[in-house]
1. How high is the relative contact order of segment 45-245? Use alpha-carbon pairs under 8 Å, at least six apart in sequence, and give a whole percent.
2. Once label points are set 7 Å from the Cα along Cα→Cβ at both N383 and D149, what is their separation, rounded to one decimal in nm?
3. Taking all pairs of different Cα atoms in segment 158-267, averaging 1/r and flipping that mean, what Kirkwood radius in angstroms comes out?
4. Can you give the relative contact order of segment 95-197 as a percent, counting alpha carbon pairs under 8 Å and 6+ residues apart?
5. Apply the Karplus parameterisation 6.51 cos²θ - 1.76 cosθ + 1.60, with θ equal to phi minus 60°, to every residue of segment 175-181 and state each ³J(HN,Hα) to the nearest whole Hz, in sequence, with x for glycine and proline.
6. Which of rounded, prolate or oblate describes segment 251-302 when judged by the alpha-carbon gyration tensor and an a/c cut-off of 1.5?
7. Given a cut-off of under 8 Å on Cα pairs at least six residues apart, what relative contact order in percent is computed for the chain?
8. Where a Cα-Cα gap under 27 Å defines reach, which lysines qualify for K267, not counting those fewer than 8 residues away within the same chain?
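Nothing in this text is a laboratory measurement; each read-out follows from the coordinates by a stated rule. Computed from a predicted structure; not experimentally measured. Cβ: placed from backbone, ideal geometry, glycine included. Neighbour counts: every protein chain shown.
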Amino acid sequence: MIFPVVIICLFLLAYSWLVYPWMLSLIAWRKSAQPGGSHVPNAPISVILAAHNEENIIEQKLRNLSDTAPGVEIFIGLDGCTDRTADIVGDFAVKNPNIVVRVFDRQRGKVAVIKDLVESSSADILVFTDANTMFRQESLNKLVEHFDDPEIGAVCGRLILVGNATTEGIYWRWENRLKFLESLLDSCLGVNGAIYAIRRELFWRDIPVNTIVDDFVIGMKVREQGGRVIYEHAAVGEETLPSASDEWKRRIRIGAGDYQALGLCRKCLLPGYGKFAWMFWSHKALRWFTPHLIVIVVAASIFRAISTLRRFVEGMPVSTEGMISLIIIACSLLGLLCAAVGRFVKNRTEPRSAALRFLCLCDHFVAMQTALFIGFLRFCRGNLEGIWDRTPR
């Protein structure tokens, strides 16, 4: 009875990580890219930005918005800042009347702030971004020009991690590729919180204030209401990757938020959403349970291997299932060894050869799944909060 469970789990893992991307590419390759509009629509546009203790980066962000979005109304919510962020923003706003500042004395979290900022704005198109994200020159125009098409409810930009580790860059390029293909078929799953735009009427005003992955949930709710969410490769936002310790904390927090989002967006898993439901199941839902499936496979294999070794010692023949269990355990140990070597290499040099990059990818995968599982435990504990601490840069 144990072995069929192992086979099912292995099939689900292979399907989500290998078969689904191949199927997606096969189905979407004949689709043409989503054309952009010929010009920026006449509809009013507002940029929405929540900030907490961003004194080291906020002036650079404001100058970036002034250069890339001249004249666009910018709403900035200061969420219980205890540093010089409010002073810097206030001084900048005095010289730039298009900047509207709202100061919140008590930190309430990003979602609570952006909900208030959306209510303050009357624009038809809302562009969301983060304090540490720098737009390239034409990014805002590339985002909003798609709204000439009434079917488009949201547009997701492309996030580039500047000065990033090789493995992180490979992962992001792969994720961006999946977003592009999913956008061709129907809609991409969620949006990049660093750079995206939505129609005001499709913003989910009932989003809980303790939502952690708000960008994913907001994008999914656009699709739930019937709008398409497309990916625009030319709308680029750049961020600097934080330190390994800060990235680890962020992954755990996002991991907890993923399971929270699964409940908030469960309607999109229903068959009525067609290809979009298939993509949600394949790309997100199954992947979020990758660590659980791995644990089941390894635990069942160990249980089976103990029985196999006992039979071998007693001089009894070893079954095929027992041999496969031993192979799975050996592969698991080899994977952990590769991850450990990859961590050692990554901390000491920039991997350039294909072999070293593979080892670093092993480390990246193991770290992601471990953080995701810890995030799951935090989700099960409950009491999730939308309040965040800024990531040192």
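1. 26 percent
2. Result for the modelled spin labels: 4.6 nm.
3. 14.9 Å
4. 37 percent
5. Once rounded to whole Hz, the list reads 5, 5, 5, 5, 4, 4, 5.
6. Oblate, since a/c reaches 1.5 and b/c is not below a/b.
7. 20 percent
8. K31, K110, K115, K179, K221, K275, K284
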